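One structure is given here, and the rest of the page talks about it.
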């Protein structure tokens, strides 16, 4: 007989331990993205119309899978249904990508932030809203009692 998962801490943020684990798993995913992006840059793809898109999108898609697994195992440790949480991960990252692109543009062009400062602000804000979205929707607790699960 399997044991029920541990209870999550209530509240909006869930505690410092979960926030820390999210930072570790997200940081590992980010390092993987940077390394894979560098590898794709070194591989080339020059001479194609979509060279920059390929060098960016393929590592993003691949490391999103890795980051989902890391968040699932390290950050939230929650037995949410795999395919549901994977789908929600891509929805969250897709929305975050769109929002941070707009934010980054406004920080640079409207508010005249430098590119590094705009990047750091965008990453910090997206990390905060990603955590909240993952905690409360992407890896949300099942509302059914444990004994009612199939």
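What about residue 10, is it at pLDDT below 85, more than 22 Å from residue 125 (Cα to Cα), in contact with a helix residue (DSSP H, G or I) (Cβ under 7 Å, 6 or more places away or on another chain) and loosely packed, with under 14 Cβ neighbours inside 10 Å? No. State yes or no: is residue 88 at pLDDT 85 or above, out of contact with any helix residue (DSSP H, G or I) (no Cβ under 7 Å at 6 or more places or on another chain) and either in a helix (DSSP H, G or I) or surrounded by 13 or more Cβ atoms within 10 Å (Cβ to Cβ) (or both)? Answer is no for this residue.
Can we say residue 93 is outside the structural domain of residue 130 (by TED's automatic domain parsing), assigned to a helix (DSSP H, G or I) and surrounded by 13 or more Cβ atoms within 10 Å (Cβ to Cβ)? No, not satisfied.
Counting only residues that are assigned to a loop (DSSP other than H, G, I, E, B) and surrounded by 10 or more Cβ atoms within 10 Å (Cβ to Cβ), how many does region 101-121 have? Adding up the residues that qualify gives 3.
The values are calculated or read from the model by the stated rules, or taken from the named source; none is laboratory data. Computed from a prediction, not measured in an experiment: that's the story for all the values here. Cβ: placed from backbone, ideal geometry, glycine included. Neighbour counts: every protein chain shown.
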